[in-house]
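The values are calculated or read from the model by the stated rules, or taken from the named source; none is laboratory data. None of these values were measured; they are calculated from a predicted model. Methodologically, a virtual Cβ is constructed for each residue, glycine included, from the backbone with ideal geometry; neighbour enumeration extends over all protein chains shown. What goes into the accessible areas is simple: the full protein's heavy atoms, side chains included, and nothing from ligands, DNA or RNA. Shrake-Rupley method; radii C 1.70, N 1.55, O 1.52, S 1.80 Å.
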Amino acid sequence: MYLYAVQFYNLKGDIFMNKELRCPVIAGNWKMNKDPSETKDFIKRIIDVVNNNEGKVIVCVPFIDLPEALISAKNSKLLIGAQNCHFKKNGAFTGEVSPSMLKSMGVEYVIIGHSERRNYFNEDDKIVNKKVKAALESGLSVILCVGESLEQRELNVTSEVISSQIKRGLYEVDKSDMKRVIIAYEPIWAIGTGRTASPDAANEVCSLIRKIIGDLYDIQTSEHLIVQYGGSMNSKNAKDLLSMNNIDGGLIGSSSLDADEFLDIIAAVKS
Ligand code: PGA
């Protein structure tokens, strides 16, 4: 028992596992930005770097940009993601897009549970869970977002909030499907505010996320889980955040809209 603890936790109590086991994943979340012609130009600008990059790069684009993104990224290493999906396969849901529709186009990733969807579109953990399961069932990979509000952080309930979002979001998700789940830690107070979590603070929560997954599934699943940080990540702070032991990548909003800035973040992974 003692050996086990020494093996997996450092002195600060952060879970400590071999980061080399995990492939870094940089994902751009364009939100409601860019049209198809801007999508084409952006992908043209980044494609060579992405093809020569060791880690994974994903761009999660608006639905209307998916056809252009998929064509522009064809035969390259760039992966294309959506930013939302419905939990039903089809039916009378005006304005919605199903996971199987995305999959049939060639989309590989979908962001689920982003705080903007939770806050502006009233998506609770139950809906998030339905979406996660539906997306996995149709063969998509999922970027599941979790994060506390400023009020929750000040009340010292970050661990409880994160733990509950993960347990509810992944309710009944099979261990075998966890290979297709990335968890993005996005403190709400850091999103689009220019206020980034310090590398230590971000790493502490990412370490907690890995521990929760270890408790829910097993050590092997938690050891292979990709945990991203998101919230005002940019070319200046990316290196420090990405060098942390439990941060395997980033989910980047505003700094993913500018190709040069995004390329600098991709470069920060290995620097
Ligand atoms: P930001 O957004 O990088 O603009 O803070 C991150 C996100 O919302 O995924």
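Numbers at a glance
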{"quantity": "Shape metrics for region 123-271, restricted to C-alpha atoms - Rg then Dmax, Å", "calculated": "14.9, 41"}
{"quantity": "GNM result for the chain, Cα springs below 10 Å: residue of G55, G28, G249 fluctuating most strongly", "calculated": "G55"}
{"quantity": "Residues in region 55-95 that a label on C23 would reach, taking backbone N under 15 Å of a point 7 Å out along Cα→Cβ", "calculated": "55-59, 75-81"}
{"quantity": "Cα gyration tensor shape of region 201-271, rounded if a/c is under 1.5, else prolate or oblate by comparing a/b with b/c", "calculated": "prolate"}
{"quantity": "Percent RCO, i.e. relative contact order, over the chain, from Cα pairs under 8 Å lying at least 6 residues apart", "calculated": "20"}
{"quantity": "Cα convex hull volume per residue for region 107-191 (Å³)", "calculated": "90"}
{"quantity": "Proximal aspartates and glutamates relative to K89, as straight alpha-carbon distance under 13 Å, when same-chain residues fewer than 8 apart are discounted", "calculated": "E137"}
{"quantity": "I219 versus D260: modelled label distance in nm, points set 7 Å from Cα along the beta carbon direction", "calculated": "4.8"}
{"quantity": "Reach of K270 by Cα under 18 Å, taken over aspartates and glutamates that are not fewer than 8 positions away in the same chain", "calculated": "E20, D48, E54, D240, D248, D260, E261"}
{"quantity": "Virtual spin-label span in nm between N75 and E38, 7 Å along Cα→Cβ", "calculated": "2.9"}
{"quantity": "Y109 accessible area, 1.4 Å probe, all protein chains in place, Å² to nearest 10", "calculated": "20"}
{"quantity": "Segment E160-E172, length gained on full extension (0.36 nm per residue, minus Cα span)", "calculated": "2.4 nm"}
{"quantity": "Per-residue SASA entry for S159, accessible area with 1.4 Å probe, Å² rounded to 10", "calculated": "60"}
{"quantity": "Accessible surface, 1.4 Å probe, highest first, among residues M32, M244", "calculated": "M32, M244"}
{"quantity": "Selected from N119, N84, N245 as most flexible by GNM, with the chain as the system and alpha-carbon contacts under 10 Å", "calculated": "N119"}
{"quantity": "Accessible-area composition of the chain, carbon plus sulfur, in percent [1.4 Å probe]", "calculated": "52"}
{"quantity": "Members of K34/K211; K126/K236; K167/K239; K44/K103 lying beyond 26 Å, as alpha-carbon distances in this model show", "calculated": "K34/K211; K126/K236; K167/K239"}
{"quantity": "Largest-first ellipsoid semi-axes for region 11-118, taking √(5λ) over the Cα gyration tensor eigenvalues, angstrom", "calculated": "26, 21, 13"}
{"quantity": "Spherically averaged projected area of the chain from its Cα convex hull (nm²)", "calculated": "14.0"}
{"quantity": "Solvent-accessible area per residue for the chain (1.4 angstrom probe, square angstrom)", "calculated": "49"}
{"quantity": "Two-site label geometry, V49 and S243: point separation in nm, points 7 Å out along Cα→Cβ", "calculated": "1.9"}
{"quantity": "Span-like helix ranges in the chain, DSSP H, alpha carbon extent 15 angstrom or more, Kyte mean at least 0.0", "calculated": "199-216"}
